[in-house]
Amino acid sequence: MSERPGPYEQRPPLPVLRRTRVLAVTLAALAATALAGCGGGAAAGDGQGGRTKESLPQPGQSATERAAPSDAPTPSSASQPLAGKTVVIDPGHNPGNFDHPREIAKQVDIGTNRKECDTTGTASNDGYREADFNLDVSRRLRDLLEKQGATVKLTQDDDRPFGPCIDERARIGNEAEADAVLSVHADGSAPGHRGYHVILPAQVKEGSADTTKIVGPSRELGEQLAEEFGRATGTEPSNYVGGGTGLHVRDDLGGLNLSTVPKVFIECGNMRDAKDLALLTSPEWRQKAAQGMANGITTFLAG
């Protein structure tokens with residue numbers, strides 16, 4: 001807001017006589033308006049361009065609100081299908097993990113047992129790190145989801161030295177009461193192993209882990225992601241896990257076992273296969289990958 005004085009503040013005070021006359025005219029106008037509004041003038045709507053009291057401008061209304069019918073759909077319902085939804089994106093690993101081997105080796109509770117806080121993730125034979133791939137795709141996905149009205153939170157944005165640990169990653173989604181959580185990864189399997197797959201939580205109820213309530217909705221999320229990811233990227237489901245379905249159920253991942261909201265992992269491709277790597281290193285393909293994920297999440301949340 002500007003700090004300049006308004007137009008009336010720039011004028012010198014009116015002479016006393018002139019102020020008296022202005023006041024009298026103003027009072028007379030107000031009295032006439034009040035009389036008309038109390039039935040002393042024409043019938044309601046007459047002499048007002050046919051507008052009733054309800055159609056007159058109301059205090060605090062914008063020009064758009066005055067022009068549109070009160071029951072008209074808001075822009076968010078059409079152009080922002082994810083308005084009111086919260087999505088947590090979990091970029092797997094952290095580029096800084098390489099410099100903190102002792103910290104990420106710390107054991108944490110994943111409900112069913114204990115595992116390392118985190119790992120460095122895999123890398124291609126020529127040194128392209130999974131952590132960098134995951135973060136790039138996650139940022140692209142965030143931008144796409146925010147354009148559709150979603151509130152998006154990343155578990156890490158290369159804004160911390162290492163981690164977070166896998167138990168904290170799950171806790172971030174739980175505390176956000178996220179409508180969906182997606183952990184973004186790339187695999188490090190043998191050459192010749194190609195394609196993507198989505199990891200779903202198994203039915204686990206042990207220690208502090210209980211996936212009973214999220215198994216069903218997580219599968220729905222995973223199925224939508226697998227379908228839309230393949231359509232957007234033009235790639236095939238994994239030929240080495242999931243039996244060609246692009247879906248794989250696991251009970252050993254703390255990020256899934258400790259989640260209380262719908263959550264899945266996606267392995268976008270195999271960094272150790274030359275053909276898959278050619279896709280993973282392409283900025284254009286990574287954008288398609290993010291679009292496929294966004295489409296899957298939108299279909300899951302908005303129907």
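Between Thr260 and Asn174, the built amide H atoms are under 5 Å apart, and every one of these is 5 or more places off in sequence or on another chain. Shape class of segment 98-236 from the Cα gyration tensor (axes a ≥ b ≥ c, square roots of the eigenvalues): rounded, since a/c falls below 1.5. Accessible surface of Thr245, taken over heavy atoms with a 1.4 Å probe and every protein chain present, rounds to 80 Å². 3J(HN,Hα) couplings calculated from phi for segment 141-154 with the Karplus curve 6.51 cos²θ - 1.76 cosθ + 1.60 (θ = phi - 60°) are, in sequence order, 5, 4, 4, 5, 5, 5, 5, 9, x, 6, 8, 10, 10, 9 Hz; Gly and Pro show x. Sparsely packed loop sites in segment 163-257 (the GluC sites (Glu not before Pro) outside DSSP H, G, I, E and B with at most 14 other Cβ atoms within 10 Å) comprise Glu177.
For segment 257-303, what class follows from the C-alpha gyration tensor (a ≥ b ≥ c being the square roots of its eigenvalues): rounded when a/c is under 1.5, otherwise prolate if a/b is larger than b/c, else oblate?
Verdict is oblate for segment 257-303.
Sequentially through segment 234-249, phi angles give Karplus couplings (6.51, -1.76, 1.60; θ = phi - 60°) of x, 9, 9, x, 3, 9, 10, 8, x, x, x, 8, x, 10, 9, 9 Hz, Gly and Pro residues having no value and appearing as x. Using a/c under 1.5 as the rounded threshold, could you call segment 155-219 rounded, prolate or oblate? The axes a ≥ b ≥ c are square roots of the C-alpha gyration tensor eigenvalues, and prolate needs a/b larger than b/c, oblate otherwise. Oblate. Over 23 Å apart at the Cα level, from the set Lys106/Lys213; Lys213/Lys263; Lys85/Lys205; Lys263/Lys288; Lys85/Lys263, are Lys106/Lys213; Lys85/Lys205.
Amide H to amide H, with H built 1.01 Å from N, Ile110 comes under 5 Å of Lys115, counting only residues 5 or more places away or on other chains.
The values are calculated or read from the model by the stated rules, or taken from the named source; none is laboratory data. Because the structure is predicted, anything quoted here is derived from the model rather than measured. As a convention, Cβ positions derive from the backbone with ideal geometry for all residues, glycine included, and neighbour counts pool all protein chains shown. In case anyone asks, the SASA skips ligands and DNA or RNA and just uses the protein heavy atoms, side chains included. Shrake-Rupley method; radii C 1.70, N 1.55, O 1.52, S 1.80 Å.
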